[in-house]
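Down below is the structure, laid out as C-alpha cells.
Taken together, the values in this text are just the output of simple stated rules run on the coordinates, not laboratory data. Values in this document were obtained by computation on a predicted structure and should not be read as measured data. Using ideal geometry, Cβ is built from the backbone for each residue, glycine included, and neighbour counts are taken over all protein chains shown.
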Amino acid sequence: MKVEPGTGTEPTSPQQRQGSPVPPSHLDSPVEPDETCERDKKIVATHGLSFLKQFVQLVQDKTISFPACRPFHEEAEAILKLDDIPRVLVGVLGYTGSGKSSLINALVDEEMLLPCNAMRASTSAVVELSWNKSSIPSQAYTAEVEFISEKEWLDELELLRLDIKDRPEGEQLTSKSSSEASASYSKLSAVYPGIDIAKLIDMPPKKLLKITDLSKILGQTKIIYGTKANAFHKEIKAYIDSSNHGGRSGQIAYWPLIRLIKIYTKVPILQSGLVLVDLPGVGDSNAGRRQVAERYMKSLDHVWIVADIVRAVDDQIAKDLMGRTFRTRLLMDGKYNAVTFIMTKTDNINPDEVISSLNLGESGMKSLLEEETQLKEALEEAKEGLQKCKNAQKEFRKELKSLSAVVKGTKSATGRKRKHSETESAEPEVTNPGNSSGDQSEQLRMLQESMTDSKKQAQKLETLIRQKNKMLNKQIVLIKSGCITERNIYTQTRLKEDFERGFRELDQELKEAEDNDRPEVERQDLLRDLETFCISSKAFQKLKGRFPRDADIVGFDTVQATNIPRLHDFAVNLTSGERSKIVDAIFIRWNSLKHRLNSWVKERDLNVDIDLSSSQVKALREALEKSFSMLQTSTEKDITKSVKNIRTKLTKQVTKKIPPINLDNWEKETIYSEEYSASNIHFQTWRAICFEWNAGIADGLLRSVSRPWKKVFQDRIFQVHKDHSSKVVNLLQEFLACMEQALMGICETPYAPGNRVLEQIRLRQPIFEQSVAEAYARFKEDGQSCHRGLEPLIKEKIRPAYETCCEQRGKGSLLKMKEEFTKFFEDNADEIYSMSIQFLKKRFNIMTETNKKLLKSASSELREVIRREFEEMISNATPKPGTIKPDEEKLALQESILQKLNQLEETLQKELENPESELKAADPFARCVSDVHKSDESDEDEDDSDLSSEADCKTNSDVSSDAENSNEKNSDEENSDEENSDEENSDKENSEVVSDEGF
C-alpha cells in the first residue's frame, strides 16, 4: 500500500413513498471509490492503533536506555488519545405531548426507557442519552442525576411564591392546570408534601430550607445503575417525570430540583458518538423549563423539531418553535441547515378526512378507491344474496314443518287403522296410487332438496363474503397506508414551504436592519432541502412485539413503514463527519510515525556510507539555516497578516455596523407591541415577559449585523485560514525544493537519509493543515459564545429595573411596570449600547489573540519537526572517530519492532480493497465559500508578495531585509487604522520575538 500526504427505481408501495432514500452508506450498492478510500483509511487507522498499543508496552521501560525511543513513545501515546468517540449533540425539541420521549424510546429500541406522559411535560429536566463505555454488567444502564444548587433553589422559591401570590383572582391551584401559578404549586407541593400552600407562600425561602432538609440533595450528583431497562426506567422516573406528585404519598418528589440527567446505555445508535438530548417541552406551562431548553440550545450540533403530525401544519411549528431570536442565532452560527423536522403519531389518522381534505378521490388514490367501491358493491350484493337464501330457508322451514306435521299425522292414522284391521281380519291392505299421502311425501322431498340447495348456496355466499371482507380489509389497509403516505408528503411539503418562507422573511428583515442597498448575495447552503421525517413510534413498538395490551396498528406492515429505521440511519449518519475527522487525525499522524519508525529500525541497512565530509556537513548546515530562516520569517509574516485581516473584518464589518439603540423601535417590539400589550395578558405573565427582554435587546443590537456576522465567521475568516494554510504549504514545498536541490548539489549523488527526511516532512503537511482547520473551528466556536454572551451581560445591567417591576403590587401594576422600563431605557440606552460594543471588542481581541497563538503553534510544530529531522540527519552524517560497537539490546528492540511492522503490512495487504491505492486525508478546507463582494474587502486584505521561487539564491541579509520591509509595510497599514494600531504593534513585536529566537 502506498500512502501519500495530501490535501433507483420509483417506489411501488405507499410505504416506500413515505420517506426519502436511505443514506448511501446504508445501501446495498457497490461501494464508490471515495467510500472505498474512507473504508481503507479506517482499516489502516484501526490496525495502526492496535500496533501502537503493543509498541507502547514494548518500549515504555526502554525510553531511558534508548533516548531515541522517547519521542516515538510520546507521539504514540498522543495518537492513542485521539481514539475516542465524538460527541454530536442532537436536541429533541417540541411541544408537550408531541411524542419526544416516545420517539427517543423507539430510536434506542427500548419499550420504556424515558417516561411518556401526554397530559403534562414528562421531561422536566434536560436528559442526555449517550454511549455507555463501561464494560461492567451491573452498570449496563447508568444515570448521573445532577441537582441544582441551594442558591438556585432559593432564587426559584421566590419566583414560585410570587407566581402563586399574584395569580388571577379566583384561580384554583391544581396540578392538572396549565397555568403558571398551578405549575409553581406543583413544584412546591412536590418538594414540600403535606404542607398547606398558604403557609408555604408566606414563609421566607430560607425558612423553607429548614423545614425539609435538602442539604444532602442540592448541589449533589446521584449515580443510578441498572441491568434491565424496565427496572432502570422505574428508578429514574422519580427524577424525570413531572407527573410524579410527592404530596400524594407524603414523600418528596425530586423532579423540581433536577438540573440535568445523563443516561449512559449500550444501544447501537449511540455507539458512533450520537448524543440525544431530550429537552423540556417547548410551549410548556413552566417558564423555567423553557429557559433551560433555550440555554441548552447553544451547544447543540443539530436540532430536531418534533410535532404531532395533526398539529404540525396548522400550528405553524416551523415558525412558532423557531422564533425570530432563535432563527437569528442559527443564521449567525451557520446552523440554519442543522434543523430537522419530525412529525410523530402518523398512525393517528382518519382516512375519510384525509381523502376529502387532500382531494385524493380524484388523484393518486383514485384506483384504490374505485377498487374499494367495487369490493363494497360485490360484498353488498353477496350479503343481499345470502339474506335471500336465509329468507328462503326460513320459508322452507315453515313449509317443511307444516307439511311434516301433515305427513306424520297421515302416517299415524294409517298405522292405527292397520293395527285394528289385523286384529279383526287377516286380509291385506290395498294402497290407492292416487292417495294424497304420497303427494305430500313427494312435496316434502322436494322442499328438503330446495332447502339443501339453499344451504349450499348460502355456504358459497358466506365463503364469498369472507373472501370479499378479507379483500376489502386489505384494501382498507392499503387506503389507510396511502392516506398516511399522502398526508406525510403534504405535511413535508408545507413544512418546507413554511421553513423557507420563514427564512426569506428573516433575511429580508435583517437586510433592512443592515441598511444595505447591495444586491442580495446568492444563498448556497442555507436553503438546502429540509430534512423531514414522518414517523410512528407506536406502530414501530407494536411491530417489535411490545405493548401487548394495545391494539394492533393498521397501515404499517413492516417496521420500515414506520420510518423509524430511516430516521435511525439518518441520526447515525450525523456523526459521520466527526468520525471521519478522528480517522483522518489518526491516519495522518500514524503514517508519519510509521515512516519515522521504519527509518529508525532499518538504520543498520540504510545508514551504509552515509558519512559526509566536514565541508559537506558545513555546506549542508548553511543551506538549512538559510532556507529555514526564510521559511520561519515568511510563515510568521503571513500569521501577522492573517490575524490583522481577521481583526479588520471584525471591526469594519461587525462592531462598526451596530447602530445605537433606537428606543422607538425597541418599544414597538417589546413594551408596546400588540403581543405584549393585549388586554387579556395578566400582569404576572407580563412580568415573566420582562425577564426575557434582555434577549430581545441583544437581538435588536445584533440584528443589523446578523447577515454580515454569518459572512465574516462562516466565509471570510474561513477563507483567511484556508489562504494561510495554502500559503504555508506553498512555502513548505519551496523549502523542500531548496533543500532537495542543496542535497543534490552538496552530496553530488542521491543521498538516501536526506530523501527520507524530505519524505517525512511531506507527511507532516496534512497534520499542519488539520491544525489550522482546528484553529478556525475554535474561532468559530468562540464567535458563537461571543454573541450569546451579550444577553446575560444586558440582563445584569437591567437587573434594577427587573427588581423594581417585581415589587409592583395592586391596581395599576402593569402600567407602573411599563413606565419603569421605559424610563430605565431612556436613561440607560446609550450606556447599554456602549457597554455592548466594548464587550464585543474585548471578546474579539481575546479571540484573535487565541487564534494567533494556535496558528503560531501549528507553524512552530511543523518547524520543530523540520529542525529535528535535519539535525538528526546531519548529526548521523558527521564522521565519528573510531569504530562504535553495536548495541545488541538496541538491535533486538529494532528487530522486534520491524517484525511487527512487517506483520502489519501483510495484514493490510489482505484486508484493504485497493492495497496499491494512494490514501489521502480529506482536505479540511474542502467546502464552498460564498461569493465575497469586493467592496467589503479593504486594502489590508491584499496579499503580500510570495516567497520568490529563486529562494535558494537569497542570502541571510536578503531575508532580514525582506522582514524589515514587511514590518515597515505592516506599520504603515496599522497607522491607517487607529482602532487597531495597538493590536498590530503587538503583532509586530511578537513576530520580531519569534524571528530572534529562531529554532
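Quick rundown of the values:
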| quantity | calculated |
| --- | --- |
| Sites ALA405 and GLN459, calculated FRET efficiency, Cβ-Cβ separation with R0 25 Å, nearest 0.05 | 0.35 |
| Cβ-derived FRET efficiency at R0 30 Å, ARG867 paired with LYS900, nearest 0.05 | 0.55 |
| Extension gain (nm, one decimal) between ILE610 and LYS133, 0.36 nm per residue minus Cα-Cα | 166.7 nm |
| Theoretical gain in end-to-end length, LYS222 to LEU908 [0.36 nm per residue, Cα-Cα removed] | 242.3 nm |
| Residue list for the range 753-777, given a label point 7 angstrom along the Cα-to-Cβ vector of SER857 and an amide N cut-off under 20 Å | 764-777 |
| Projected label distance in nm at GLU77 and ARG259, using a 7 Å step from Cα toward the beta-carbon | 3.3 |
| Inter-label distance for GLU171 and SER215, nm, one decimal - labels placed 7 Å from Cα along Cα-to-Cβ | 3.6 |
| Ordering of 710-719, 727-736 by packing [mean C-beta count within 10 Å, highest first] | 710-719, 727-736 |
| Karplus-derived HN-Hα couplings along the range 576-591 (A = 6.51, B = -1.76, C = 1.60, θ = phi - 60°), whole Hz, x at Gly and Pro | 4, x, 5, 5, 5, 5, 5, 4, 5, 4, 5, 4, 6, 6, 5, 4 |
| Too-long pairs where the Cα-Cα distance tops 29 Å, listed order kept, from LYS298/LYS496; LYS335/LYS795; LYS711/LYS853; LYS41/LYS710; LYS42/LYS133 | LYS41/LYS710 |
| Per-peptide average of other Cβ atoms within 10 Å, ordering 478-487, 441-450, 539-548 highest first | 478-487, 539-548, 441-450 |
| By average C-beta atoms within 10 angstrom, highest first, the peptides 231-240, 636-645 | 636-645, 231-240 |
| Cα-Cα over 28 Å, subset of LYS206/LYS262; LYS53/LYS910; LYS151/LYS780; LYS53/LYS890; LYS262/LYS581 | LYS206/LYS262; LYS151/LYS780 |
| Reach of LYS455 by Cα under 21 Å, taken over lysines that are not fewer than 8 positions away in the same chain | LYS383, LYS388, LYS390, LYS394, LYS398, LYS401, LYS468 |
| Length added when fully stretched, SER367-ASN350, from 0.36 nm per residue minus Cα-Cα | 4.2 nm |
